[in-house]
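> Structure below; questions to follow.
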Amino acid sequence: QVQVVESGGGLVQPGGSLRLSCAASGDIFGDYVAEWYRQAPGKQSEFVATITSSGSTNYADSKKGRFTISRDNTKNTVSLQMNSLKPEDTADYYCRFTVRGHTYWGRGIQVSVSS
């Protein structure tokens, strides 16, 4: 079993930055894929970024250049650095780990971008 917990959300002004973290604990051995998704109020969930345990990354086109995903395998932690935030980035952000074919979601964390 794997537990996934997000942290680092909150309220930020437009143009500001936030760093989200996602910590996975439990039966994490070997390769994994970690992803960030978000869901804005009244909208469908959308993919944000992904990183593998080997460090390969991929981003949604609209996030390239503003968001950076990284990982620390020693801590089983994945981070999402978000810069130049816009009001439309307001959403609940969810982390997902896929380990040996099993997928585990965090409970999500709220990010609000507002002046």
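The values are calculated or read from the model by the stated rules, or taken from the named source; none is laboratory data. Predicted model only: the values in this text are computed from it and were never measured. Because the Cβ atoms are built from the backbone with ideal geometry, glycine has one as well, and the counts that use them run over all protein chains shown. In case anyone asks, the SASA skips ligands and DNA or RNA and just uses the protein heavy atoms, side chains included. Shrake-Rupley method; radii C 1.70, N 1.55, O 1.52, S 1.80 Å.
> Return a whole-number percent for the relative contact order of the stretch 1-83, with Cα pairs under 8 Å and 6 or more residues apart as the contact set.
Relative contact order for the stretch 1-83 comes out at 30 percent.
> Additional query: What is the local net charge at Cys22, summed over the other residues whose Cβ is closer than 12 Å to its Cβ (Lys, Arg +1; Asp, Glu -1)? Mind dumping the intermediate values first?
On the way: positive: Arg19, Arg71, Lys75, Arg96, Arg107; negative: Glu6, Glu35, Asp72.
That sum, taken over residues with Cβ under 12 Å, equals +2.
> For the chain, what number of Lys pairs, 8 or more residues apart or on separate chains, have alpha-carbon atoms under 24 Å from each other?
Counting lysine pairs in the chain gives 5.
> Still on this model: On average, how much accessible surface per residue is there in the chain, in Å², for a 1.4 Å probe, leaving out ligands, DNA and RNA?
Numbers: 6120 Å² over 115 residues.
For the chain, the solvent-accessible area averages 53 Å² per residue.
> While we're on this one: Just subtract the alpha-carbon distance of Ser45 and Glu88 from 0.36 nm times their residue separation and send over the number in nm, one decimal.
Extra length from Ser45 to Glu88 when fully extended: 14.1 nm.
> Continuing with this model, one more query. Cut-off 10 angstrom, C-alpha nodes, Gaussian network model of the chain. Which of Ala23, Ala60, Ala34 fluctuates the most?
Ala60
> Follow-up. Report the trypsin sites (Lys or Arg not before Pro) located in the stretch 1-44 that are in a DSSP loop and have at most 10 other Cβ atoms inside 10 Å of their Cβ, or state none. Spell out each step's value before the answer.
On the way: sites: Arg19, Arg38, Lys43; in loops: Lys43.
In loop regions of the stretch 1-44 (DSSP not H, G, I, E or B), the sparsely surrounded trypsin sites (Lys or Arg not before Pro) are Lys43.
> Please list the non-local residues whose amide H lies under 5 Å from the amide H of Gly108, H modeled 1.01 Å from N, same-chain partners needing a gap of 5 or more.
Those lying under 5 Å, H to H, from Gly108 are Glu6, Cys95.
> While we're looking at this one, here's another question. Net charge within 10 Å of Asp89 by Cβ-Cβ distance, Lys/Arg positive one each and Asp/Glu negative one each, not counting Asp89 itself?
Around Asp89, the charge tally is +3.
> Let me ask something additional. Given 0.36 nm per residue, what is the gain on full extension from Ser70 to Arg100 after removing their alpha carbon distance, in nm? Please list the in-between numbers first.
Values: separation 30, 0.36 × 30 = 10.80 nm, distance 2.03 nm.
Gain on stretching Ser70 to Arg100: 8.8 nm.
> Residue by residue, what Karplus-based ³J(HN,Hα) values in Hz, rounded to whole numbers, does the stretch 10-15 have, using 6.51, -1.76 and 1.60 with θ = phi - 60° and x for Gly and Pro?
Each residue of the stretch 10-15 in turn: x, 9, 9, 7, x, x Hz.
> Where the accessible area of the chain is counted over protein heavy atoms with a 1.4 Å probe, how much of it, in %, is carbon and sulfur?
Result for the chain: 46 percent of the exposed heavy-atom area is carbon or sulfur.
> Could you work out the local net charge near Val113, counting Lys and Arg as +1, Asp and Glu as -1, over the other residues with Cβ closer than 10 Å to its Cβ?
Spelling it out: positives minus negatives among the neighbours equals -1.
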